[in-house]
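Scroll down for the structure; my scribbles are underneath it.
Laboratory data are not the source of any read-out in this text; all were calculated from the coordinates shown. Note that the structure is predicted; figures quoted are calculated from it, not measured. Neighbour counts run over all protein chains shown; Cβ positions are idealised from the backbone, glycine included.
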Amino acid sequence: MEDYRNKTKKVQIGNVCIGGGERIAIQSMTNTKTEDVEACVAQILKLEKAGCDIIRVAVPTMEAAESIRKIKEQIHIPLVADIHFDYRLAIAAIENGADKIRINPGNIGDEKRVRAVVEKAKEYNIPIRVGVNSGSLEKHLVEKYHGVTAEGLVESALDKVHMIEEMGYDNLVVSIKSSDVMMCVKAHELLAPVCPYPLHVGITESGTLLAGNIKSSIGLGLILSQGIGDTIRVSLTGDPVEEIKSAKLILKTLGLRKGGIEVVSCPTCGRTKIDLIGLANKVEEMVADIPLDIKVAVMGCVVNGPGEAREADIGIAGGIGEGLLIKKGEVVKKVKEDELLETLRQELLHWNE
């Protein structure tokens, strides 16, 4: 397998590096009004705590652009300004301290306006993310390829990259997004061998929590497993904190990020004697902030629990009024049902003692 990730140009975004084999950074985007500094900061701090590495905010107005400075004073991760249509907003965002800007040169205006943005980015030495979306593919490329295609998306992205390169700037990140998962995968397979810049990977408009997670897991999994992608976002309609949880699990499942407790649980059956769904959810919530790199199993019965939990480092299995604490498939002790959760918590808190 070609490892494109180690060969991309290294790009500095605030205090985070992407590309060149750096750790894959997790991104999200606020859904608050950027002009509402207090609400925006509150959401970003929650995302930081969840594990967000880079945050993006919408900049639809000059007031939003001017709010960036106040927001940055209160957060600890790099901030990306998302710009559409008005090149003056991009310039203002840069002047107010954005660590990176995201533009689609195709909707910013003529070459003179794109150049003005590039010159300002050059002056402040901040990266530009060149973003191409299947929903805004140029008409001539739609006609050339008889519809919106992966080939058309790649050509559009490379055209925009070459335009900025000809303006003397190569501090770039590239993204190609589509809500069509397999088109997005193919586009990245075509782009990675010919693009030296870090790739921001995501499935756009992927949907609500269920649909969005499934589409993003398949799309990102197929792309990342080929050594493609330097930073990711799982786009979900809902609380952006859920995007971070999903992104971390995708990376951990692919072996691309360590850290964090992985919770596994059985699907339940007629032998289940406890509220396993509720218990598993409580365990997942409980371990979210415990800094261990282990696997925890939550099993529904004492018959198969120990055997099924063998691959986990520690686990619990429920019974009638009591349950088991299990380590590496071996029963350590019996515990009252209402003490299972606290017993597990204490074991985890003292794991390295």
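Just a few scattered comments:
- Each principal axis of the Cα cloud of segment 121-165 was evaluated for its coordinate range; sorted largest first, these ranges are 40, 17, 14 Å.
- Spread of Cα-to-Cα distances over 10 Å intervals beginning at zero, given as percent, for segment 166-233: 22, 51, 21, 6, 1
- Cα convex hull of segment 261-350, projected area averaged across orientations, nm²: 4.9
- Compared with the alpha-carbon gap, the fully stretched path from K33 to D289 is longer by 89.3 nm at 0.36 nm per residue.
- Using a Förster distance of 30 Å, the FRET efficiency for R310-Q346 (Cβ separation, nearest 0.05): 0.85
- Summed residue charge, Cβ within 11 Å of G135's Cβ, Lys/Arg positive, Asp/Glu negative: -1
- Summing charges over neighbours of V201, with a neighbour being any other residue whose Cβ is under 9 Å away from its Cβ, gives +1 when K and R count +1 and D and E count -1.
- Relative contact order of segment 141-186: 33 percent, from C-alpha pairs under 8 Å at least 6 residues apart in sequence.
- Karplus-based coupling profile of segment 247-258, in residue order and whole Hz: 4, 4, 5, 4, 5, 5, 4, 7, x, 9, 8, 9, with θ = phi - 60° in 6.51 cos²θ - 1.76 cosθ + 1.60 and x standing for Gly or Pro.
- Cβ-Cβ distance of E95 and K282, R₀ of 56 Å, FRET efficiency by 1/(1 + (r/R0)^6): the value works out to about 0.75.
- Computed magnitude of the charge dipole of the chain (debye, nearest 20; Cβ of K, R +1, Cβ of D, E -1): 380
- Charge dipole (segment 1-144, unit charges on Cβ, about Cα centre) - positive-most of N125, V80, N96: N125
- When only Cα pairs below 8 angstrom with a gap of at least 6 residues are kept, the chain shows a relative contact order of 13 percent.
- The coefficient of translational diffusion for the chain, derived via Stokes-Einstein from the alpha carbon Kirkwood radius under 20 °C and 1.002 mPa s, stands at 98 µm²/s.
- Look at the dipole of the chain built from charges on Cβ: of V114, W351, G152, the Cα furthest out on the positive end belongs to W351.
- Between segment 305-330 and segment 105-136, the alpha-carbon center distance in angstrom: 55
- For segment 261-350, a crude dipole built from +1 on the beta carbon of Lys and Arg and -1 on the beta carbon of Asp and Glu, taken about the Cα centre, is about 360 debye to the nearest 20.
- With bins 10 Å wide beginning at 0, the percent of Cα pairs of segment 160-282 falling in each bin runs 12, 34, 29, 16, 5, 2, 1.
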